[in-house]
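Throughout, read-outs are computed from the coordinates displayed, never taken from laboratory work. Keep in mind the model is a prediction, meaning the values are calculated, not measured. Glycine gets a Cβ as well: all are built from the backbone with ideal geometry, and neighbour counts include every protein chain shown.
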Amino acid sequence: MSEPSLPHALTRRDFLIGGVAATAAACSSGDSTAGSESSGTPSSSAAETTTTPAPTTTTTALQPLPAPDYAGADPFGFGVASGDPDDVSIVLWTRLDPGDSPLSADQDVVVDVAGDADFAELVSSTVVTARVEHGHSVHAIADGLQPDSWYHYRFRVGDHVSTTGRTRTAPSAGESVDRLRVGVSSCQNWELGTFVAHRHLAESELDLFVFLGDYVYEYAPNEPTVTTSAGPRIHDGPEPRDLDDYRRRYSQYRRDPDLQAHHAAHPWLVVWDDHEVDNNYAGLVPAGGEPSDAFAARRHDAYRVWWEFTPVRTGPPTPDGLRIHRTVGWGDLADIHMLDGRQYRDPQPTDGEPVDIPGAGDLGARALGPTALDPDHTMLGSEQEVWFVGQVSSSSARWQLVGNQVMMHGIKAFPGDVPVTPTDTWDGYHASREQLLERLADASNLVVLTGDFHSATIADLRSDPFDLARPIVGAELMAPAISSQFVEALRPIAPLALSINPQVRHFDPENGYIVCTVDTDKVIAELFIVDDVTDERSGVEMTARATIIAGTPGIESVELIPG
Ligand SMILES: [Fe+2]
C-alpha cells in the first residue's frame, strides 16, 4: 500500500508575521505519516519529520485576508478541532462552511496559536490554503511548540474569526509523567439521541479524547435497524454512496453544538469503524452485496470525507486506501496504539452454524467454525499485526493503551460446548486473536479501549476467552455509545450471557463515556451514564469505577457508585 502524503506542515517559511502569506507549505511524504512507527519512539520520531526546530514567538497577528462573500453565513460553521499531538506539534483542523453558495476557489486561512485564550501571548500566526479538492478542509500542523503544554488556536478569513479551540502537546518520549486523563467513547447515530455526552466531556478535565469509530451513520432517514426505531432526530439526505452524499452527512453531524464544543476542548485521537462507510463491511467486501467496483469507489469517497472532517495527522486517501493505525506517545507513562480493524480485515465468517437470538432471529451469531478457527483469518491484516506487536514489544512506556474498534474480550451467547458468538467482533477472528494476545502476553500493562457494542463492558482479556484456565493478559474497557442504542433484542438474554461469561466484570447497556485516569501505579476507569440521551440538557452520573493495577493483568476491582 502506498503511503499518503502529509497535510500542510507549518514550516518556518510560512511564518510571515504581520503580513499576508500567499500559500501553505509543501507537503512531506514517507514514513512519517504515523509519527512513531519507524523508531517505536512516537514523540521523537514525529519530531524528526517536522521542519521548524524551535518555538516561533511573535507579537503581531497576520492581518485579515480577503474573503469571498459568505452572505452573512459563518465560514467556520463546522467549528474547530485538534488531534494527534506529539511533543512539538499538533494537527489543527477546520473546514470552511460554504453555506448555500459552494466555494469554487482555494481560500487562504490564517491560523493563530497562542499561550492564552485572549491571544496576547501569540506563538505563531500562519497562512494555510483550504483547497477545493479537499472540500476546503484545513489540516494545519502547528509546529515548534513546547512539550507537555496547553495552547489556544483559532482560524480567520476576512473579518470572520472562528471559535477558539484549546489543545495540548504530548510529553516528550522518556519524560517522567505522573498522570494522563483520557476520555473514551464511540458510536453517535444522529437519529437515536442527542450528543449531550459530548457537552459533559467538553467540560471534563481531559488531556485527550479517544473516539473509536461510528462517527457518522450511513443509514437513510428513519431506516429501521436492529438497534431501535426512530429517535429524536432525522438524517438529512439518502444513504450516502458518493462524495457529495458523505459530505452532506458529515456536515449535518458537525453542526451539532455539543460535538463542536467537545472538539474545541481537547485534542482527539480518532479511528473509524464500519458506519463511516457501510454497516459491517470488511476490507473491500460490503455486507450488502454491492458490486465490488462500486463498493471500492464508495469506500474511497467515504474515507476521503472522513479525512476531510477529522483532525488526523495524514493526507487524504490514495486509491489504495488510507493508513490510520498509529502510535501516540505520552512520555514514559503510556503509548497509545490506534488500530484499524476495518480496512484490512478478512470477511466475517459464514461457515459456523448460525444461531437465532430468541425473538430476534439471525443477528449474525454463529458457532465458532473453521474460518474463525483459522489463525490466518485476521481482523488487522498481517502487516498491521506485525506493526502492532512491534510497537508494543519495543515500547518502554509503563502502560500500553490500545484504541480498538470491536469487542476483544469475547462473549458466548448461550451455554454449550461450542461457543456461539457475534461474528463481527474479534470472536469472528478467534484463532488470530489467540495468536495476537499470546504475542502480547509479555507486554507491560495492556489496556484495550473499545467501542462498537453500544454498551459499557469492563472485562478481563484471555487469549482464548472461553478457556478460563488461560492466564489473564490484559483488561478491556468498552465505552458506551454517545447516542447509538444497544440492540433491544439482546436485553432479555443479557443476564444469561453474563452468567456464563465471567470475564465480564461489569455491563451497562446505556449511553455515556469512560474517563481513564492513568498514573504510574494504576488506571482508574470511571463510567459515566447519561440520564436521558433524548434530552440535550440531560445530566450525567458516574455509575461505576474500575481499577487496574500495574503489574497485575486484568481488572482488579469494580466499584458500583450508588445513584
Ligand atoms: Fe456503532
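Using only Cα atoms and rounding to the nearest 10 degrees, what angle (0 to 90) does helix 292-308 make with the longest principal axis of the chain?
Taking the Cα atoms of the chain, the angle to 292-308 is about 50 degrees.
I want to verify the translational diffusion coefficient of segment 148-296 in µm²/s; compute it with Stokes-Einstein, Rh as the Kirkwood radius over Cα pairs, at 25 °C and 0.890 mPa s. Before the final figure, lay out each step's value.
Values: Rh = 17.5 Å.
Rounded, D is 140 µm²/s.
Quick one: angle between helix 430-439 and the longest Cα principal axis of the chain, in degrees between 0 and 90, rounded to 10, please.
Rounded to the nearest ten degrees, it is 70.
Which longest uninterrupted range of the chain lacks any GluC sites (Glu not before Pro) assigned by DSSP to a loop state (not H, G, I, E or B) and surrounded by at most 16 other Cβ atoms within 10 Å?
Result, exposed sites excluded: 206-535.
Rg/Rh for segment 502-563: what does it come to with C-alpha atoms and Rh from Kirkwood?
1.03
Can you give the Rg/Rh ratio of segment 453-528, where Rg is from the C-alpha atoms and Rh is the Kirkwood radius?
Using only Cα positions, Rg/Rh for segment 453-528 is 1.00.
What is the projected area of the convex hull of the Cα atoms of the chain, averaged over all directions, in nm²?
Reported value for the Cα convex hull: 23.3 nm².
Cα-Cα pairs above 16 Å in segment 261-343: how many percent? Show your work: numbers first, answer last.
Values: 1941 of 3403 pairs.
Tail of P(r) above 16 Å: 57 percent of Cα pairs.
Taking neighbour Cβ counts within 10 Å as the exposure measure, how do L560, L401 sort from fewest upward?
Going from least to most buried by this count: L560, L401.
Counting DSSP beta bridges in the chain, what percent are antiparallel, to the nearest 5?
Around 75 percent of the beta bridges assigned by DSSP in the chain are antiparallel ones.
Need one word for segment 152-234: rounded, prolate or oblate. Basis is the Cα gyration tensor (sqrt eigenvalues a ≥ b ≥ c); a/c below 1.5 gives rounded, then a/b vs b/c decides.
oblate
Between segment 442-487 and segment 501-550, how many Å separate their Cα centres?
One Cα centre to the other: 13 Å.
Considering the Cα positions of segment 100-154, please state its Rg to one decimal place and its Dmax as a whole number of Å.
13.6, 41
What nm value, rounded to one decimal, do you get for the distance between T520 and T318 when each label is placed 7 Å out toward the C-beta?
4.4 nm
Which percent, to the nearest 5, of DSSP beta bridges fully inside segment 437-563 are antiparallel?
Once the DSSP bridges in segment 437-563 are tallied, antiparallel ones form about 90 percent.
Using the alpha-carbon atoms, what tilt in degrees (0 to 90, nearest 10) does helix 243-254 show relative to the longest principal axis of the chain?
Result, in degrees: 90.
Can you sort I482, I529 from fewest to most other Cβ atoms within 10 Å of each residue's own Cβ? Could the numbers behind the result be given before it?
Values: I482 31, I529 22.
Ranked by crowding around the Cβ, least crowded first: I529, I482.
One-quarter of the Cα convex hull surface for segment 317-470, in nm²?
With the hull built on Cα positions only, its mean projection is 10.3 nm².
List the relative contact order of segment 229-300 as a percent without decimals, with contacts defined as Cα pairs under 8 Å and 6+ residues apart.
20 percent
Please go through segment 496-546 and write out the trypsin sites (Lys or Arg not before Pro) that DSSP classes as loop and that have at most 10 other C-beta atoms within 10 Å.
Answer by residue number: R537.
Give the Rg (one decimal place) followed by the Dmax (whole number) of segment 165-211, computed from C-alpha coordinates and expressed in Å.
Cα-based Rg and Dmax for segment 165-211 come out at 13.9, 44 Å.
When you have a sec, figure out the Kirkwood radius of segment 241-383 from all distinct Cα pair distances and drop it here in Å to one decimal?
Radius from the Kirkwood sum: 17.5 Å.
Considering the zone a paramagnetic label at I500 would reach in this model (a point 7 Å from Cα along the Cα-to-Cβ line), which residues of segment 442-477 have amide N under 16 Å from it?
Residues 465-468 fall inside that zone.
What is the calculated FRET efficiency for R537 to R179, with r their C-beta to C-beta distance and R₀ = 41 Å, to the nearest 0.05?
Numbers: r = 31 Å, r/R0 = 0.76.
It comes to 0.85.
Among the chymotrypsin sites (Phe, Trp or Tyr not before Pro) in segment 390-467, which ones are in a DSSP loop with at most 11 other Cβ atoms within 10 Å of the Cβ? Mind listing them?
Those that pass, being in a loop and sparsely packed, number zero.
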